[in-house]
Amino acid sequence: MKKNNVFDCTIIELDRHHSDRKGNLSVVENGATLPFDVKRVYYLYDIPGGEGRGAHAHKELEQLIVAASGSFTVTLDDGFSKRSFFLNRPYQGLYVKPGMWRNLEDFSSGAVCMVLASDIYKPEDYIRNYNDFQEFRHSL
Ligand code: TYD
């Protein structure tokens, strides 16, 4: 894995189709929207007030994190620098490169966090201990 840093992780604007009468529609299409092809979609919802999610890193996985509804804050940490993103628009996604520790917090009531991922679920791709993460980053 290349030594990515938090400044390589950016907000991607999604296509947005607006109709005055019928509302909005946004699109993510393989080969067009993201730097990776989507193999899996999952979403977090019914998150109790004050709860946080995440608290892990991935060795290889790339993701796009979207506030499909409501809002929350994502803090990325590359082992050297941290960067926080407030997500509250369904037509924007945070592109997360591999090797980023992430914390998701401050979920609004009814928030839905949709994650588009570059691979199927692989428990071996997770780093769930922060000290292991620091060692991993400093060994790259
Ligand atoms: P977890 O990664 O702990 O959630 P978060 O980091 O957002 O707090 O996942 C919660 C549970 O869901 C855990 O038992 C693993 C399972 N899970 C899957 O089975 N497939 C998946 O694609 C994901 C993301 C999680």
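Things worth noting here:
- Electrostatic dipole magnitude of region 6-139 [Cβ: Lys, Arg +1; Asp, Glu -1; Cα centre; debye, to 20]: 240 debye
- Fluctuation leader among 30, 88, 103 - the chain, Gaussian network, Cα springs under 10 angstrom: 30
- Computed per residue of the chain from DSSP H runs no shorter than four, each worth -39500 (n - 2.57), the mean residue ellipticity at 222 nm is -2000 deg cm²/dmol.
- When a 1.4 Å probe is rolled over the protein heavy atoms, the share of accessible surface on the chain that falls to carbon and sulfur comes to 46 percent.
- Gain in span if fully extended, residue 119 to residue 105, counting 0.36 nm per residue against the direct Cα distance: 2.6 nm
- In order through region 47-62: 3J(HN,Hα) via Karplus (6.51 cos²θ - 1.76 cosθ + 1.60), integer Hz, x for Gly, Pro: 7, x, x, x, 7, x, 10, x, 6, 7, 10, 10, 6, 10, 5, 9
- With only the Cα atoms considered, the chain has a convex hull volume of 112 Å³ per residue.
- Among 61, 44, 104, residue whose mean-square fluctuation peaks in a GNM of the chain (springs only between Cα atoms under 10 Å): 44
- Each of 30, 14, 98 was placed along the dipole of the chain (beta-carbon charges, centred on the mean Cα), and the one lying farthest toward the positive end is 14.
The values are calculated or read from the model by the stated rules, or taken from the named source; none is laboratory data. These figures come from a predicted structure and were not determined experimentally. Neighbour counts are summed over all protein chains in view; Cβ atoms, including those assigned to glycine, are modelled from backbone coordinates with ideal geometry. Each accessible area value is taken on the protein alone, full model and side chains, heavy atoms only, with ligands, DNA and RNA left out. Shrake-Rupley method; radii C 1.70, N 1.55, O 1.52, S 1.80 Å.
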